[in-house]
């Protein structure tokens with residue numbers, strides 16, 4: 001699958017603007033010469049050119065913003081207050097089913113740094129040979145596949161509520177030549193026995209869950225982790241100020257800008273996790289939250 005590169009789009013747009021600017025200067029020069037070097041006529045022509053250019057650019061920006069917002073909303077599913085059913089998998093969290101657009105959207109939101117974020121996540125996870133790892137809410141499988149490439153001796157699993165995502169993830173794993181077990185499943189009802197995994201990964205997924213479902217998901221993750229097992233969450237961190245926040249607010253809407261990752265650590269502690277910490281990643285727009293199941297934990 002060919003992935004659209006945002007930098008190519010930006011370069012193409014810049015070239016078009018430069019060509020338009022050169023053409024405009026040429027036209028103004030022609031007006032100046034044909035009007036017997038009348039600066040008034042030339043100035044009026046310049047004003048008309050600038051206003052027309054701003055009107056066209058503003059229209060393109062407005063239409064583009066509306067289109068991207070629409071795609072984001074469709075990809076994020078309907079309101080989390082309603083249940084979503086996918087082949088007998090029912091969840092109150094928002095789900096994403098546009099698998100072939102998901103990778104493009106994530107890369108756009110992260111300004112072309114999705115690969116860097118996935119690599120940084122695997123570095124933070126410190127996966128060791130022989131460990132069993134599951135990526136919950138795995139989407140199209142990019143993180144799980146990256147994990148398998150970086151830690152070939154580990155057993156990697158991936159689950160997602162949307163079968164469309166799982167189908168796409170399997171295609172990508174086959175193309176990458178790696179063995180990852182992808183299965184449709186819910187993070188609030190992980191279909192594995194207790195004490196199964198050494199590591200649970202979650203990337204760009206937790207913000208899709210309403211608060212009550214977050215609590216259920218963290219309890220379920222705690223259940224399937226082995227004593228001493230680790231949880232690593234990496235999620236979108238909205239910029240708090242500057243041009244980046246302004247641009248993202250325009251195109252993504254205020255919902256994404258209100259994601260509050262600071263609410264997650266107390267919930268993990270309440271679920272039983274120890275050593276909970278929150279910190280920055282290599283990317284400005286991603287933060288991590290980590291915790292572990294106590295090594296001496298025993299069921300009552």
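The values are calculated or read from the model by the stated rules, or taken from the named source; none is laboratory data. What you are looking at is a predicted structure, and each value in this text was computed from that prediction instead of being measured. Glycine also receives a Cβ, built like all others from the backbone with ideal geometry; neighbour counts cover every protein chain displayed.
This table checks each residue for (1) surrounded by fewer than 16 Cβ atoms within 10 Å (Cβ to Cβ); (2) modelled with pLDDT of 95 or more; (3) under 15 Å from residue 143 (Cβ atoms).
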{"residue": "183", "(1), (2), (3)": "no, yes, no"}
{"residue": "200", "(1), (2), (3)": "no, yes, yes"}
{"residue": "204", "(1), (2), (3)": "no, no, yes"}
{"residue": "212", "(1), (2), (3)": "yes, no, no"}
{"residue": "221", "(1), (2), (3)": "no, yes, no"}
{"residue": "225", "(1), (2), (3)": "no, yes, no"}
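If I ask for residues that are out of contact with any helix residue (DSSP H, G or I) (no Cβ under 7 Å at 6 or more places or on another chain) and surrounded by fewer than 20 Cβ atoms within 10 Å (Cβ to Cβ), which ones from region 110-119 would you list?
Of everything in region 110-119, those that are out of contact with any helix residue (DSSP H, G or I) (no Cβ under 7 Å at 6 or more places or on another chain) and surrounded by fewer than 20 Cβ atoms within 10 Å (Cβ to Cβ) turn out to be 113, 115, 116.
Quick one: what pairs do we get from region 175-192, first residue closer than 11 Å to residue 144 by Cα, second in a loop (DSSP other than H, G, I, E, B), C-beta under 7 Å, 6+ apart or different chains?
Filtered contacts from region 175-192: 180/141; 182/138; 182/141.
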